[in-house]
Amino acid sequence: MTSTISLVERHPTLDAGSIVSSLVPPPQFVEARFDNYIPNPDFPSQEEARHILEEFASKNTSIIKQGKLFGRTKKVEEFPPGVYLDGGFGVGKTHLLAASWNIASGKKYFGTFLQYTSLVGALGYVKAVEALKGASLICIDEFELDDPGDTMMMTRMLGELVAGGTRIAATSNTPPAALGEGRFAAADFLREIQALASNFRTLRIDGTDYRQRTAEGISRVLSSTELTSAVEKKSAEGLTVSFDSFDSLLAHLATVHPSVYVRLLERLDVIALSDVHVIVNQTDALRLVAFIDRVYDAQIPIIASGSPLSEVFGGDMIHGGYRKKYLRCVSRLIALTNS
């Protein structure tokens, strides 16, 4: 008996309640703690970020630095109600974010930027704010501002939550004042971005991508015969393997709301894709990025034939406004296909 399925035969529906309940760290970060984050001694900013985040997450109010003047304690600086981790790929930002969530007390949420915007799409703005209101901490991974509407909505929502006492911790590959750069630059939206950035203390984390320390610099590729054989072998071992053509997966992703991509992956051990090729349509490319983010969260390995998955973003995509998003995806694809 084989355990091979097709992702295109799965049709998950949008369920607002499930989106709220899913706002927790991915399985691979359930045990993330500050004491099991190993900073690279060559990059002191990693240790500094760990220290600041641990202090921030363990308090119920914004961090306040204390100084002494003539022997007296004096408040010298009150940090904003948010901390923003800015750094490259694979330097441990998500680990630190999850560690913050794990030690924070009270009502708390953890999700990607897409999950929060999808929550608004599912519930409506007012109900989404009500669902999140009262949280002691909201963690936002992979902070993205890909369109003006999201910029204004997230600025307004975070402003309301912060006004109610909620603290925000976020990660991204782009400093908050530069979010949206290369995608839109109208003055109104730049003002929104600057207002959003004022809520955060930015911490720069330097380092090298740990995912590429042990992985090759390109996704592993199998021949068609090797791919079929690998699927049969893994299925015979009792693993549940999805087997789809690359084109059929891209077409199917267009029919599924990105907030429920994670449900495509339920009870799945391996993803097999045949006939991978370069993508020239940016909409398809961005959907694939969102899907791979969920695959990476679930740590599901990918086996594939055709072109290397790490080289699917064609044309000028890798150099355009979504450059950092594509580079993050490439980093993850290298890890997933070489695991």
Completion exercise
All conditions in (1) of a type in the set (Ser, Thr, Tyr); (2) surrounded by 13 or more Cβ atoms within 10 Å (Cβ to Cβ); (3) modelled with pLDDT under 75 are true of residue 73 except (2)
Practice task
Could you tell me whether the stretch 231-251 includes any residue that is open to solvent by 40 Å² or more (accessible area, probe 1.4 Å), in contact with a strand residue (DSSP E or B) (Cβ under 9 Å, 6 or more places away or on another chain) and of a type in the set (Phe, Trp, Tyr)?
Solution key: yes
Practice task
Report, by residue number, each residue of the stretch 302-320 that is outside any helix (DSSP H, G or I), buried (at least 17 other Cβ atoms within 10 Å of the Cβ) and out of contact with any Cys (no Cβ under 8 Å at 6 or more places or on another chain).
Solution key: 302, 303, 304, 305, 306, 307, 308, 312
Practice task
May I ask you to say which residue of 267, 294 is basic (Lys, Arg) and under 22 Å from residue 218 (Cα atoms)?
Solution key: 294
Exercise for the section: Kindly list the number of the only condition in (1) closer than 21 Å to residue 259 by Cβ; (2) part of a helix (DSSP H, G or I); (3) at pLDDT 85 or above that fails for residue 152. Expected result: (3)
Practice task
Kindly indicate which of 294, 263 is surrounded by 20 or more Cβ atoms within 10 Å (Cβ to Cβ), assigned to a helix (DSSP H, G or I), modelled with pLDDT under 95 and basic (Lys, Arg).
Solution key: 294
Completion exercise
With the first residue restricted to the stretch 236-251 and required to be over 14 Å from residue 11 (Cα atoms) and outside any strand (DSSP E or B), and the second required to be hydroxyl-bearing (Ser, Thr, Tyr) and open to solvent by 10 Å² or more (accessible area, probe 1.4 Å), Cβ contacts under 7 Å at 6 or more apart or on different chains are 238/3; 239/3; 240/3; 246/274
Handout entry: Where a residue in the stretch 137-153 is on the phi > 0 side of the Ramachandran plot and its partner, wherever it lies, is at pLDDT below 90, with Cβ under 6 Å and at least six apart
Key = 142/112; 142/113
Problem - When residues of the stretch 266-281 are limited to those that are assigned to a loop (DSSP other than H, G, I, E, B) and of a type in the set (D, E, K, R), the one surrounded by the most Cβ atoms within 10 Å (Cβ to Cβ) - result: 269
Handout entry: Members of the stretch 48-57 found to be open to solvent by less than 80 Å² (accessible area, probe 1.4 Å) and either within 17 Å of residue 86 (Cβ to Cβ) or acidic (Asp, Glu) (or both), listed by number
Key = 49, 50, 52, 53, 55, 56
Problem - Of all residues in the stretch 104-138 being hydroxyl-bearing (Ser, Thr, Tyr), touching a helix residue (DSSP H, G or I) at 6+ places or on another chain (Cβ under 9 Å) and surrounded by 13 or more Cβ atoms within 10 Å (Cβ to Cβ), the one that is nearest to residue 14 (Cα to Cα) - result: 118
Exercise for the section: Determine, yes or no, whether residue 284 is assigned to a helix (DSSP H, G or I) and either of a type in the set (Phe, Trp, Tyr) or touching a residue at least 24 places away in the same chain (Cβ under 8 Å) (or both). Expected result: yes
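Picking from 225, 240, which residue would you name as being more than 20 Å from residue 336 (Cβ to Cβ) and hydroxyl-bearing (Ser, Thr, Tyr)?
225
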Exercise for the section: All but one of (1) buried (at least 21 other Cβ atoms within 10 Å of the Cβ); (2) in a helix (DSSP H, G or I); (3) at pLDDT 85 or above hold for residue 19, so report the exception by its number. Expected result: (3)
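The values are calculated or read from the model by the stated rules, or taken from the named source; none is laboratory data. These numbers come from a predicted model, not from an experiment. Positions of Cβ are backbone-derived with ideal geometry, glycine not excepted, and every protein chain shown enters the neighbour counts. Heavy atoms of the whole protein, side chains included, go into the accessibility calculation; ligands, DNA and RNA do not. Shrake-Rupley method; radii C 1.70, N 1.55, O 1.52, S 1.80 Å.
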